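Read-outs throughout are calculated quantities, based only on the coordinates presented, and are distinct from any laboratory measurement. Quick caveat, the model's predicted, so the values are computed rather than measured. Here Cβ is always computed from backbone atoms with ideal geometry, including for glycine, and neighbour counts include all displayed protein chains.
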Amino acid sequence: MTILGIETSCDECSAAVVVDAEKVLSNVIATQIELHKPYQGVVPELASRLHTEWIEQVVDAAISKAGITKNDIDAVAFTNRPGLLGSLLVGVNFAKCFASTLGVPFIGIDHIRAHLYASQIESPLEYPYLGVLVSGGHTVICKVNSYDSVDVLGTTIDDAIGEAFDKVAKFYDLGYPGGVVIDRLSQNGDANAFAFPGPTMDRDKHPYDMSYSGLKTAVINQKDRFLNPGHEDTKENIAASFQRQAVNIIMKRVRLALKDTGLTRISAGGGVAANSLLRKELKELEKGGYTVTFPSLKLCTDNGAMVAGLAYNYLIDGFRDDVRVSASARVSAFKKF
Ligand code: KG4
Ligand code: ZN
């Protein structure tokens, strides 16, 4: 089944052609980084306007790069929740019209589930596994029972991990997008330069929940020291110390969840799954006998291939949407797990 996957939930305008959830024929990602750079964050109105301008070209590029024609497409999948409403609507409406014109089925896909599924395209993993979703909007540790069934074990109670990376980078004027810049700066920094605090939470009641706003504030509060002329602290040290603690917070819960659930397989997804330290720490779990997978870098951040990949599973099981399917900014489908 040849599926066109469309992703416009935030600031990436992406379309991909994937066959049977395993063969990525194309995965075009048109990034809006330059547009949002001056604001050091995504401006929703600008994002949706650019999606409107780009969507047709991006879809055309995905089809021609795949070496197919429109008539080879068997179904169209699109992210329809959660995300920025204006951005989502561009992808949803385009996809519905496109599929209807071709006379093929279409289906709306949950962005979070798509991130959790992404690694399956390149490195299929038997269910159940421990899912680690780390993105700009979400931070979740869960038990993934199947492509359509996820039990949430813990979430952030405030900022998402990617949001903390982005806000720290913005405050220190490190560059945009924040996560990528902090990861790069950290390579030349001393992770022990600052002992940033981790969250103090009720570990008995919520053992797998996380918090990132305290860490973010602690890092931001170091700015006076950072600005002190002649002081040895550098942006590299700030970045490395922050990244060290950000990864510690989630890895502690991941190790605990593995121990408590007895799960032996683990997969990460989402933009922060591209982080080199997190990937290294997750990979080290293999020494303890765990099977660890995460998507290649291009499938970590928002992309159409993960949408098409997950959609294949729904479509072969007979699920389809009709023209009433719309966009939702909320995590409705996710909360239900
Ligand atoms: O999954 P994604 O593309 O969009 C959302 O669904 O949110 O994730 C974007 C997030 C941003 O916060 C970005 O700073 C972060 O992923 N990110 C990274 C890295 N690459 C992207 N964070 C840490 N290290 C990276 N290498
Ligand atoms: Zn995402």
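Among 307, 134, 219, which comes first, then next, by fewest other beta-carbon atoms within 10 Å?
219, 134, 307
Measure out, as a whole number of angstrom, how far apart the alpha-carbon centroids of the range 7-71 and the range 252-305 sit.
25 Å
Taking the Cα atoms of the chain alone, what are Rg (to one decimal) and Dmax (as a whole number) in Å?
Gyration radius and largest Cα-Cα distance of the chain: 20.0, 67 Å.
What percent antiparallel are the DSSP beta bridges of the range 126-295, to the nearest 5?
Numbers: 12 of 20 bridges.
For the range 126-295, the DSSP antiparallel bridge percentage is about 60.
By average Cβ neighbour count within 10 Å, what is the ranking of 19-30, 113-124 from highest down?
Numbers: 19-30: 18.0, 113-124: 23.6.
For the peptides 19-30, 113-124, the packing ranking is 113-124, 19-30.
State, as an integer percentage, the relative contact order of the range 112-205 based on alpha-carbon contacts under 8 Å between residues 6 or more apart.
16 percent
Give me the angle, in degrees from 0 to 90, between the Cα long axis of helix 304-316 and the longest principal axis of the Cα atoms of the chain, rounded to the nearest 10.
The answer is roughly 50 degrees.
I want the antiparallel fraction of DSSP beta bridges within the chain, as a percent rounded to 5.
60 percent
Mind pulling up the Rg/Rh value for the range 126-295? Radius of gyration and Kirkwood radius, both on Cα.
Rg/Rh: 0.99.
Too long at a 25 Å Cα-Cα cut-off: which of 216/252; 37/216; 37/223; 223/280; 252/283? Could you put the intermediate results ahead of the total?
Values: 216/252 18 Å; 37/216 21 Å; 37/223 22 Å; 223/280 29 Å; 252/283 14 Å.
Pairs exceeding 25 Å: 223/280.
May I ask you to list the trypsin sites (Lys or Arg not before Pro) in the range 233-336 that are in a DSSP loop and have at most 10 other Cβ atoms within 10 Å of their Cβ?
Sites meeting the loop and neighbour criteria: 324, 336.
For the range 126-295, calculate the relative contact order in percent as a whole number, restricting contacts to Cα pairs under 8 Å that are 6 or more residues apart.
RCO, the range 126-295: 28 percent.
Give me the net charge of residue 181's neighbourhood, meaning all other residues with Cβ under 15 Å from the Cβ of residue 181; Lys, Arg count +1, Asp, Glu -1.
Within the 15 Å Cβ shell, the charges total -1.
Grab the beta carbon distance between residue 297 and residue 204, set R0 = 30 Å, and tell me the FRET efficiency rounded to 0.05. Show your work: numbers first, answer last.
On the way: r = 38 Å, r/R0 = 1.25.
Result of the calculation: an efficiency of 0.20.
Can you tell me the length gained on complete extension of the stretch residue 319 to residue 43, counting 0.36 nm per residue apart and subtracting the Cα distance?
Here the segment from residue 319 to residue 43 would lengthen by 96.0 nm.
Report the extension gain between residue 195 and residue 64 in nm, rounded to one decimal, defined as 0.36 nm multiplied by the number of residues separating them, less their alpha carbon distance.
Additional length available on full extension: 42.1 nm.
Quick check on the range 118-170: what are the equivalent-ellipsoid semi-axes from the Cα gyration tensor, as sqrt(5λ), descending, whole Å?
Ellipsoid semi-axes (Å, largest first): 25, 14, 6.
Assuming a ≥ b ≥ c are the square roots of the Cα gyration tensor eigenvalues, decide whether the range 26-145 counts as rounded (a/c under 1.5), prolate (otherwise, with a/b larger than b/c) or oblate.
Here the range 26-145 falls in the oblate category.
So what's the net charge close to residue 286: Lys and Arg +1, Asp and Glu -1, counting the other residues with Cβ under 14 Å from its Cβ?
Details: positive: 255, 265, 279, 280, 283, 287; negative: 281, 284.
So the surrounding residues net to +4.
Would you work out the relative contact order for the chain, in percent, from Cα pairs under 8 angstrom that are 6 or more residues apart?
26 percent
Within straight cross-link reach of residue 65, meaning Cα distance under 27 Å, which lysines are found once same-chain residues fewer than 8 apart are removed?
23, 96, 298
Net charge near residue 198: determine it from the other residues with C-beta under 11 Å of the C-beta of residue 198, scoring Lys and Arg +1 and Asp and Glu -1. If you can, show how the numbers build up before the last one.
Numbers: positive: 244, 252, 253; negative: none.
Around residue 198, the charge tally is +3.
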